[in-house]
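First comes the structure, then the notes that go with it.
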Amino acid sequence: MAASGEPGRQWQEEVAAVVVVGSCMTDLVSLTSRLPKTGETIHGHKFFIGFGGKGANQCVQAARLGAKTSMVCKVGKDSFGNDYIENLKQNDISTEFAYQTQDAATGTASIIVNNEVKTLFNPAPAVADLDPRFYTLSDVFCCNETEAEILTGLKVHSPADASRAAQLLKGRGCRVVIVTLGAEGCVTLSETEPTPKHIPTEKVKAVDTTGAGDSFVGALAFYLAYYPNLPLEEMLKRSNSIAAVSVQSAGTQSSYPYKKDLPLDLF
Ligand SMILES: Nc1ncnc2c1ncn2[C@@H]1O[C@H](COP(=O)(O)OP(=O)(O)O)[C@@H](O)[C@H]1O
Ligand SMILES: *[C@@H]1O[C@H](CO)[C@@H](O)[C@H](O)[C@H]1NC(C)=O
């Protein structure tokens with residue numbers, strides 16, 4: 001994800017301030033009373049199709065907050081792919097670089113170009129042997145507890161654990177590390193503030209936490225692009241608040257708030 005913007009600067013129609021390179025997935029969700037055993041067919045009582053994929057989720061959240069966004073992705077040349085492109089358009093996301101392919105098995109590659117825009121990297125799904133350039137090339141490295149554990153080999157269940165993991169990740173060359181902690185908010189560590197800082201959040205009753213991390217990352221990209229002079233800690237507090245809204249209703253993108261539904265002091 002790349003974010004670039006300055007307040008007061010007039011963006012041309014076609015210029016996106018938040019560009020997300022990532023996945024677009026169609027979620028096929030069946031509600032059942034239990035999981036089937038291998039080879040077993042069971043009845044489901046509800047079925048729905050949703051728009052998911054971590055990259056697209058983050059892009060949708062940034063767009064709903066008012067960011068001018070563009071999604072760089074590849075989907076199949078099939079009905080799910082067509083629907084997904086339509087979903088991006090419905091969310092006012094530029095589809096200029098949303099490609100469609102006949103080859104369903106086409107893989108995707110993330111390419112980081114050091115082009116003087118702010119880059120926010122979310123190592124999901126995490127692999128222990130992540131290419132070390134991801135640590136040094138991104139401006140902001142944001143992961144959740146599980147990803148922090150995989151990357152560092154440390155157990156991460158509390159703000160104190162997350163602080164230790166953040167220090168280790170910073171040692172690998174990250175400029176700013178953020179570890180999200182669910183209802184505990186997040187922990188951050190940056191070049192300017194050498195001691196890790198816990199940014200707690202108001203606890204809410206979670207209905208469905210799917211995609212909370214993507215809502216958080218999308219919101220953070222929005223603040224980096226549109227409020228670059230806001231202190232990082234304030235950006236994180238606000239991103240916590242936006243992600244908290246997303247956990248209070250069901251679904252992934254369907255639970256992401258729009259600017260008009262949020263308190264004015266977040267903008
Ligand atoms: N129960 C909750 N109450 C308040 N905020 C929450 C809750 N769960 C998640 N959040 C918010 O969502 C962010 C991301 O959640 P987390 O569970 O860490 O990510 P992921 O979706 O990747 O597992 C947290 O940093 C926090 O701001
Ligand atoms: C963190 O994100 C990964 C996807 O990379 C997900 O599988 C995992 O459940 C998340 N962890 C937590 C604690 O929510």
message: Given the chain, report the % of alpha carbon pairs whose separation exceeds 29 Å.
response: 32
message: Nothing charged except the Cβ atoms of Lys and Arg (+1) and of Asp and Glu (-1): what's the magnitude of the dipole of the chain about its Cα centre? Round to the nearest 20 debye.
response: 360
message: Quick check: pseudo-label points 7 Å beyond the Cα along Cα→Cβ at Q167 and K46, how many nm apart are they?
response: 4.5
- line: The answer for GluC sites (Glu not before Pro) in the stretch 131-225 that fall in a DSSP coil and have at most 10 neighbouring Cβ atoms within 10 Å is E191, E202
- request: Return the whole-Å distance between the Cα centroid of the stretch 17-73 and the Cα centroid of the stretch 227-267.
  value: 19
field: Accessible surface, the chain, averaged per residue in Å² (probe 1.4 Å)
entry: 54
- request: Starting from the Cα of K54, draw a straight line to each of the aspartates and glutamates and keep only those under 12 Å, dropping any in the same chain fewer than 8 residues away.
  value: D27, D214
query: Considering only protein heavy atoms and a 1.4 Å probe, what is the carbon-and-sulfur percentage of the accessible area of the chain?
result: 53
Pair K260, Y227: separation of 7 Å Cα→Cβ label points (nm): 2.1
- prompt: For A206 and A128 in the same chain, what is the full-extension length gain: residue separation times 0.36 nm, less their Cα-Cα distance, in nm?
  reply: 25.1 nm
task: Considering only DSSP beta bridges where both residues belong to the chain, give the percentage that are antiparallel (nearest 5).
output: 55
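The values are calculated or read from the model by the stated rules, or taken from the named source; none is laboratory data. Please read all numbers here as calculations on a predicted model, not as lab measurements. Every residue, glycine among them, receives a Cβ derived from its backbone with ideal geometry; neighbour counts consider all protein chains shown. Note: areas computed on protein heavy atoms with side chains; ligands, DNA, RNA excluded. Shrake-Rupley method; radii C 1.70, N 1.55, O 1.52, S 1.80 Å.
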